[in-house]
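Undergrad: Got a structure for you, questions after.
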Amino acid sequence: MPQRRFILGRTLTLLLAMAASVGVLGQGPVLVGLRYDDFVGPPAKGPDQRLRMENALFAACRRVGLVPTVSVVPAAKRYLDENLGPWDSPAGRQRVLLLRSLATRGAIDLAQHGYRHDFRPDEREASEVAGLPEARQREMISFGKQVLRGLVGRSVTTFVPPANSYDAATLDALAATGFQVISGMLGEGPAHREDLMYVPVTVEFAHLEDAVRNAAAYPGPTLVIAMLHPYEIRDYAEGTGQHSMAEIEATLLRIKAISGVEFTSIGQVQREHPELACASHFRAAAELTPRFRSRVFKPLVYLALGGRQRWAWWPQEVYRGVRWVFAVPYAGGITLVTGVGLATVAWRRRQWRRSGRRRLRRAR
């Protein structure tokens, strides 16, 4: 009887230890957001195909319960190969009305996307603001903020730099003009200021589902923000589009069905989850994203293939072959606790048997 009580007690202790380990190492909520970039003015001529596509996109987001962050370019004159008309034209007023009505209902989250989204030809990497003096950047950002406030009737406090490119002077200019959040690309840009929240894009939409499924097994809460542009949607850009509207909605529905997933927006992260909007968190979660994997494997892939255009796909495939490495620490922790517990039970059982034999010898 004492032996049974001892074994039962040790077994319960072991099970509690394993449960605690799983609780510490188990999965946390995965917050998933979508940043839709390049919402610009109407075309100078012809029907507004983008407006039709964007109406369909925002309707799909409403059906799945997602509030996208819409990055609006205040003063764009041209988008891709298309000249743009003014906001106060009939087509422009339709776009403004769409923004205002959706923002008023809380169906979208607004962000300012640069000033004109122009890239300077003297820069090696595309950028509208990086490299300019802080005073010039402040002037451009401030003017764009005034234009955007006049369009939507409210002040916008999230800034998305065009091409996700910015520098330390950009951060100073944003702080001086009342912005509270900057959303670039994970791993890009300088060290961040304490008075600006950092909520970068972590993955392109093409890899969003893959990243969310990986994040669902990651310990602790994880924030995954995807980036999507008009030219990636086939309903608007047949030549460059990768996703149809039906595919986008189906992807979002599959993601919503994953256990632990919650949809969010950059503005909601700022209000409700400020602890997730920090550089250290994104460094910890960076291994979930193709961007991180691309940075790790890119030099090797470049030497092997020598082709810049093929970089985007090969790192993802290479990573799939070794992603089990990230599961080793978690499986190792549970295995260690289990092994120590079983060894303790076996040792205590041997000790009990030996003491029992000694008592029997003394009794004889």
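Undergrad: Using unit Cβ charges (K, R positive; D, E negative) and no other charged atoms, how large, in debye to the nearest 20, is the dipole of the stretch 23-288 about its Cα centre?
TA: 920 debye
Undergrad: A further question follows. Just to be sure I understand: of the beta bridges DSSP finds with both ends in the stretch 23-288, what percent are antiparallel, rounded to 5?
TA: Values: 4 of 31 bridges.
The antiparallel proportion sits near 15 percent.
Undergrad: Explain nothing, just the number: relative contact order of the stretch 63-171, from Cα pairs under 8 Å at least 6 residues apart, as a whole percent.
TA: Over the stretch 63-171, the number comes to 33 percent.
Undergrad: When the chain is fully extended, how far beyond the present Cα-Cα distance does residue 155 get from residue 45, taking 0.36 nm per residue of separation? Present the calculation step by step, with values, prior to reporting the outcome.
TA: Values: separation 110, 0.36 × 110 = 39.60 nm, distance 3.02 nm.
Once the chain is fully extended between residue 155 and residue 45, it gains 36.6 nm.
Undergrad: Still on this structure, I have one more. Please get the size of the charge dipole for the stretch 83-201, origin at its Cα centre, with Cβ charges of +1 on Lys and Arg and -1 on Asp and Glu, quoted in debye to the nearest 20.
TA: Details: 13 positive and 14 negative charges, 145 e Å.
Dipole about the Cα centre, nearest 20: 700 debye.
Undergrad: Using label points projected 7 Å from each Cα along Cα→Cβ, tell me how many nm separate residue 193 and residue 62, to one decimal.
TA: 3.7 nm
All of the numbers you see were taken from the coordinates with simple rules; none came from a lab. A quick note: this is a predicted structure, and the numbers were derived from the prediction, not measured. Every residue, glycine as well, gets a Cβ built from its backbone with ideal geometry; the counts of neighbours run over all protein chains shown.
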